[in-house]
1. In a shell of Cβ-Cβ distance under 12 Å around L24, excluding L24 itself, what net charge do Lys and Arg (+1) and Asp and Glu (-1) give?
2. Mind listing the phi-derived Karplus ³J(HN,Hα) values for segment 331-343, rounded to whole Hz, using 6.51, -1.76 and 1.60 with θ = phi - 60°, and x for any glycine or proline?
3. Can you tell me the dipole magnitude for the chain around its Cα centre, using point charges on the Cβ only (Lys, Arg +1; Asp, Glu -1), in Debye to the nearest 20?
4. Farthest toward the dipole's positive end in the chain, which of L21, G376, A179, given Cβ charges of +1 (Lys, Arg) and -1 (Asp, Glu) about the Cα centre?
5. Given H placed 1.01 Å from N in the peptide plane, which residues other than close sequence neighbours of G167 have an amide H under 5 Å from its amide H?
6. For segment 249-385, what's the relative contact order in percent, using C-alpha pairs closer than 8 Å and at least 6 residues apart?
7. Which whole-Hz couplings ³J(HN,Hα) result when phi for each residue of segment 64-74 is put into the Karplus expression 6.51 cos²θ - 1.76 cosθ + 1.60, θ = phi - 60°, listed in order with x for Gly and Pro?
8. Could you tell me the convex hull volume per residue, in Å³, taken over the Cα atoms of segment 179-292?
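Values in this text are rule-based calculations from the coordinates and carry no lab data. Predicted, not measured: the structure shown is a model, and the values here were computed from it. Cβ atoms come from the backbone with ideal geometry, glycine included; neighbour counts cover every protein chain shown.
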Amino acid sequence: MHTHAEDVIQWRRHLHRNPELSHLENNTTDFLVRILTEHGLNPQRLPSTGATVDIGPAHAPLVAFRGDIDALPLTEATGLDYSSEIPGVMHACGHDIHATIVLGLMCALADYVHREGEAALPVRVRGIFQPAEEVMDGGAIDVVAAGALHEVQQIFAVHCEPKLRVGQIGVRTGAITSASDVVEIILRGPGGHTSRPHLTADLVHAAGQVVTQLPALLTRRVDPRSGTVMAFGAINGGATFNAIPQEVRIRGTFRTAQVGVWRQGEDFLRELVGQIVAPTGAELEIRYTKGVPPVINDDVCTALMAQAVKDVDPVALKEAPQSSGGEDFSWYLEHVPGSMARLGSWSGTGAKPDLHQPDIVFDERCLTVGIRLFAGVIDQYRAEI
């Protein structure tokens with residue numbers, strides 16, 4: 001890493017300057033494939049965008065590392081000299097860093113195998129460069145369908161954490177993220193004059209009942225230890241102060257850290273919203289879009305990550321909090337055990353930024369930390385042998 005740290009930084013900056021939206025990561029894929037090929041590897045393109053690449057003894061256990069590659073529809077406001085050159089598109093979630101860490105890992109392993117021979121690796125390693133993490137029809141499902149988990153026994157990932165100082169790694173057994181579903185509630189009625197609400201269905205009143213009562217009722221129907229959160233982000237309806245509208249739309253998210261609650265969430269919501277709206281006389285339509293399940297970290301895989309951190313710096317190991325955010329790494333864990341860690345990316349000075357913001361800046365020193373973490377996980381298998 002001392003020898004190639006500048007190369008790694010330049011790879012990341014190239015990706016940052018040239019972000020691409022979900023399912024459109026063609027140039028990103030071309031770049032990753034080119035660098036991997038230049039290091040003597042044989043990457044395989046996925047059916048749309050993204051790629052996988054393997055290295056190591058053919059009959060050894062197969063361990064995978066995932067890096068997501070898509071960006072967000074944001075206009076960058078960091079002022080960095082390597083800011084996005086694509087209008088309205090930005091890497092504001094650290095996917096350029098995640099992808100570069102897996103890229104750096106695979107290139108480092110290629111150099112290592114070139115010197116020491118393939119048998120020197122204790123496991124076979126697969127790098128997965130996954131498209132479309134940021135959208136509801138996420139790329140993880142397509143990657144799994146394409147066979148990227150074939151023979152994989154365990155899988156690992158990191159996510160940039162701007163609340164942790166660079167050099168620190170946050171791990172957690174069990175749920176580290178939440179399921180995230182989108183809920184749209186549509187209320188309809190004949191409309192009317194605000195002086196005579198008793199002669200119509202007052203949709204604004206009905207919407208108020210939904211947004212206040214639904215989250216409260218969920219706390220009495222769902223185990224409070226499940227980390228279940230119902231919150232609304234948009235209410236649209238009406239055009240003037242003295243007319244009751246004919247339609248009001250409410251949009252929000254349903255999030256939970258328990259898979260069982262997630263699987264029942266739609267039924268809960270349909271039942272409760274129906275009960276809330278019934279007395280108002282409004283017609284009701286609910287459009288429920290399933291998102292991703294929670295990321296449930298396997299205890300053994302998390303222990304491997306934790307030990308890899310402690311082998312380098314015991315003080316760097318932190319306990320990560322459970323987040324209400326969603327992450328489609330969870331789809332891999334429906335098939336094989338694995339673990340995602342939080343990668344400290346705050347410089348240690350100034351305010352701690354938040355993800356998905358146009359002015360977020362990640363400390364690039366986290367790149368080498370992430371690569372060493374993944375290499376340390378591979379070393380744990382050597383220790384087991």
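1. Neighbour charge sum, excluding L24 itself: -4.
2. 5, 5, 6, 6, 10, 9, x, x, 7, 10, 10, 8, 9
3. Using only the charged Cβ atoms, the result is roughly 940 debye.
4. A179
5. Amide H to amide H, under 5 Å and 5 or more residues apart or across chains, G167 pairs with G344.
6. Worked out over segment 249-385, it gives 26 percent.
7. Result, rounded to whole Hz: 10, 10, 9, x, 8, 10, 8, 10, 10, x, 10.
8. Convex hull volume per residue, Cα atoms: 86 Å³.
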